[in-house]
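Following: one structure in structure tokens, then a few remarks.
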Amino acid sequence: MNSRNNIKPISVWFTLILFGIPGLVLYYGTFYGAPLLISKGVPQIISIMSFTWVTTILLIPFSLILYKHEGNEMSLQAFKNRFRLNPIAGKLWFLVIGVLIVCIISDLSLDGIGRWLGRIHFFAPPDYLPVPFNPFLEVSLPFKEFLGVQLKGNWGILFVFVPLHITAMLGEELMWRGYILPRQEVKYGRWAWLINGLFWAYIFHACLKWQFIGMLPSMLLTPWVAQKCRSTWASAFVHILGNSPIWILILLGILGVGS
């Protein structure tokens, strides 16, 4: 079973491959694949989420393959140790919750930068993107539809979207913070979180290039809290709940609540 002392450092090239291949799939899907499917009559929700969900959920089995390739013991405890699935201890909860609050505030307050940056041709989002992903479209309540699906009274969309969304984010956390970050710590020491966050923001999330400035605080704070707490659950907590406002918008749309 690996410990921190015998986890091998990760090369820049292998890091680039691990972030870059799924990042390329997401980029292609966002700018070319999804609009092509939509033009062929495939529902918007399937066209968009088939790239994002499939790509990120597949990170879970791929993390297991990399774990086995390292020669680790095939047991639950060994897996939890290697991927640092450690409980968040005591007062560290205050740190994790504080980071979550800062991430949500920064995401909301810097959202307008996406509209400014998106006016530059290179950083512009694709025109087909709907609310709330398109920075040029205003979110108004009640939230009537999500990715082309009518929301009012449609509880099925919430029960499908939220579990898949959580699973996709857990896939990211297993790979980025569970597998890669400990290896980056061996190579970069206390600055590993910074390298991890920059790769996560600008390689994996290259498809969201209009958010390159606005999303940076949360992209950096999430791996920072994982390294500080030595717990992948810490970054998973921030990552998942940091994305939960979209669930609230969907819920309000289902209930028909709004001004």
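No value in this document is a laboratory result; all are computed from the given coordinates. Nothing here was measured: the structure is a model prediction, and the numbers come from that model.
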Here segment 39-55 yields Karplus 3J(HN,Hα) values (6.51, -1.76, 1.60; θ = phi - 60°; whole Hz; Gly and Pro given as x) of 5, 8, x, 6, x, 4, 5, 6, 4, 7, 6, 5, 7, 5, 5, 4, 4
With N residues in segment 116-259, Rg(alpha-carbon) / (2.2 N^0.38 Å) equals 1.18
With N residues in segment 1-107, Rg(alpha-carbon) / (2.2 N^0.38 Å) equals 1.44
Whole-Hz Karplus couplings 3J(HN,Hα) for segment 196-202, θ = phi - 60° and coefficients 6.51, -1.76, 1.60, Gly and Pro as x, run 4, x, 5, 5, 5, 6, 9
Rounded to the nearest 500, the 222 nm mean residue ellipticity computed for the chain from DSSP H runs (n ≥ 4, each -39500 (n - 2.57)) alone is -18000 deg cm²/dmol
Working note, the chain: Cα radius of gyration (Å, one decimal) and Dmax (Å, whole number) are 18.8, 57
Once the in-chain neighbours fewer than 8 apart are removed, the lysines whose Cα is under 19 Å from Lys144 read Lys152
The pairs in Lys8/Lys68; Lys68/Lys187; Lys8/Lys228 lying past 18 Å Cα-Cα in this model are Lys68/Lys187; Lys8/Lys228
Looks like segment 171-223, by Cα gyration tensor root eigenvalues a ≥ b ≥ c and the a/c under 1.5 rounded cutoff (else prolate when a/b is bigger than b/c, oblate otherwise), is prolate
Sorted by chain and number, the residues with a modelled amide H under 5 Å from that of Phe146, at a separation of 5 or more or across chains, are Leu151
So, relative contact order of the chain in percent, Cα under 8 Å, 6 or more apart, is 34
In whole angstrom, the spacing between the Cα centers of segment 185-250 and segment 1-78 equals 15
